[in-house]
Number of protein chains: 2
Amino acid sequence: MNKGLSEFMMEAIRLSVSNVEEGAGGPFGCVVVKEGKIIARGVNQVTTSNDPTAHAEIVAIRNACAALNTFQLDGCDIYASCEPCPMCLGAIYWARPDKLFYANSKEDAAAIQFDDQFIYEEIAKPVEERKLFTQQILRDAALEAFKKWTESTIKKEY
Amino acid sequence: MNKGLSEFMMEAIRLSVSNVEEGAGGPFGCVVVKEGKIIARGVNQVTTSNDPTAHAEIVAIRNACAALNTFQLDGCDIYASCEPCPMCLGAIYWARPDKLFYANSKEDAAAIQFDDQFIYEEIAKPVEERKLFTQQILRDAALEAFKKWTESTIKKEY
């Protein structure tokens, strides 16, 4: 493994450890790297910020986009101290970085009672088989927004 | 369908339509309901806020948690104008609401060139088969944070 990879991941791991030591949130850290430099960091802040979406990867992606003034992470690599949960993996796909590195696995996370594995299983199921009650209603009315989007001359695609 | 369901979803749809008309972002809206009242709203703000995670559901969940001063949406229902993408569905599982309603389907979203379906397919694949280059490194070092979490006497679980 080259020195850069190892250094960047060790910084994500250092963040994950200090987050626990400080009682600031879950044992997760993340850094975003561009052109050989760390441009953003994130730690899990779910309980301290009352935000269930404030996972390390989401925080790091938001910080990186703010730093770059863009909504896309072209040319960036993401180093996460743990394999991303489906929410964070989805966010990573939307941010479109070049590469993803992770250290702990989702099975490791499940072993300390984090729901990642459960959510992976739920998302893969048909809607009607999920534990979360889910129902589709009013599709015909909602299609209007999609029609307007298609016809819009002022939209900014992403 | 009862009147409440229809009213709440029509508000999510209204938000999705006005977001397009104003050129403020993608054709997506969301409301969070508790005890028969809308407690938070969200629209897609990816391009206007330079934040790839600012989907309608994420914005609404963050607003709802801020309004309730909590990181869990117990007793809440989520009304999304479109079936949530994997990122948002993951966020919904972490927020733990009672029910989820949606209008447009992910196939409808794919038909107007949104990546939801692609991301669902990617997430379901083994890591090594995904289009996003992904590599696990330094697991042994990262496990330290999980060990510290297990042993921590100051942690707040979520």
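Of the residues making up the stretch A:40-50, those that are facing chain B (nearest Cβ under 10 Å) and under 14 Å from the mean Cα position of the chain (by Cα) are A:Asn44, A:Gln45, A:Val46. Of all residue pairs spaced 6 or more apart or on separate chains, those with beta-carbon atoms under 6 Å, a first member in the stretch A:116-145 that is in contact (Cβ under 8 Å) with a residue 24 or more places away in the chain and a second member that is part of a helix (DSSP H, G or I) and open to solvent by 20 Å² or more (accessible area, probe 1.4 Å) are A:Asp116/A:Lys106; A:Ile119/B:Tyr93.
Is there a residue in the stretch A:51-67 that is within 8 Å of another protein chain (Cβ to nearest Cβ), open to solvent by 10 Å² or more (accessible area, probe 1.4 Å) and part of a strand (DSSP E or B)? Checked the stretch A:51-67: no residue is within 8 Å of another protein chain (Cβ to nearest Cβ), open to solvent by 10 Å² or more (accessible area, probe 1.4 Å) and part of a strand (DSSP E or B).
Within the stretch B:12-30, the residues that satisfy the criterion of being over 19 Å from A:Thr134 (Cβ atoms) and open to solvent by less than 50 Å² (accessible area, probe 1.4 Å) are B:Leu15, B:Val17, B:Ser18, B:Asn19, B:Val20, B:Gly23, B:Ala24, B:Gly25, B:Gly26, B:Pro27.
Evaluate the following for B:Val33: is it open to solvent by less than 20 Å² (accessible area, probe 1.4 Å) and either within 11 Å of chain A (Cβ to nearest Cβ) or out of contact with any Asp or Glu (no Cβ under 9 Å at 6 or more places or on another chain) (or both)? It is false that B:Val33 is open to solvent by less than 20 Å² (accessible area, probe 1.4 Å) and either within 11 Å of chain A (Cβ to nearest Cβ) or out of contact with any Asp or Glu (no Cβ under 9 Å at 6 or more places or on another chain) (or both).
Before we move on, is A:Glu7 outside any loop (DSSP other than H, G, I, E, B), more than 18 Å from A:Gln113 (Cα to Cα) and either among the polar types (S, T, N, Q) or open to solvent by 40 Å² or more (accessible area, probe 1.4 Å) (or both)? Taking the combined requirement at face value, the residue satisfies it. Within the stretch A:14-26, being in a helix (DSSP H, G or I) and touching a residue at least 40 places away in the same chain (Cβ under 8 Å) holds for A:Leu15, A:Ser16. Is it true that some residue in the stretch A:53-61 is farther than 19 Å from A:Arg14 by Cβ and charged (D, E, K, R)? No; the residues of the stretch A:53-61 include none that is farther than 19 Å from A:Arg14 by Cβ and charged (D, E, K, R). Do we find a residue being aliphatic (A, V, I, L, M) and touching a residue at least 24 places away in the same chain (Cβ under 8 Å) anywhere in the stretch A:45-53? Within the stretch A:45-53, not a single residue is aliphatic (A, V, I, L, M) and touching a residue at least 24 places away in the same chain (Cβ under 8 Å). For the stretch A:53-62, check the following and say yes or no: at least one residue is of a type in the set (D, E, K, R), farther than 19 Å from B:Gln135 by Cα and in contact with an Asp or Glu (Cβ under 6 Å, 6 or more places away or on another chain). Yes - at least one qualifying residue is present in the stretch A:53-62.
Residues checked against (1) under 18 Å from A:Lys106 (Cα atoms); (2) within 12 Å of another protein chain (Cβ to nearest Cβ); (3) without any contact (Cβ under 8 Å) to a residue 12 or more places away in the chain:
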{"position": "A:Asn2", "(1), (2), (3)": "no, yes, yes"}
{"position": "A:Ser6", "(1), (2), (3)": "no, yes, yes"}
{"position": "A:Ala12", "(1), (2), (3)": "yes, yes, no"}
{"position": "A:Phe28", "(1), (2), (3)": "yes, yes, no"}
{"position": "A:Ile38", "(1), (2), (3)": "no, no, no"}
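The values are calculated or read from the model by the stated rules, or taken from the named source; none is laboratory data. The structure presented is a predicted model; accordingly, all values stated were derived computationally and were not measured. Note that we place each Cβ from the backbone using ideal geometry, even for glycine, and neighbour counts take in every protein chain shown. For accessibility, only protein heavy atoms count, side chains too; no ligands or nucleic acids. Shrake-Rupley method; radii C 1.70, N 1.55, O 1.52, S 1.80 Å.
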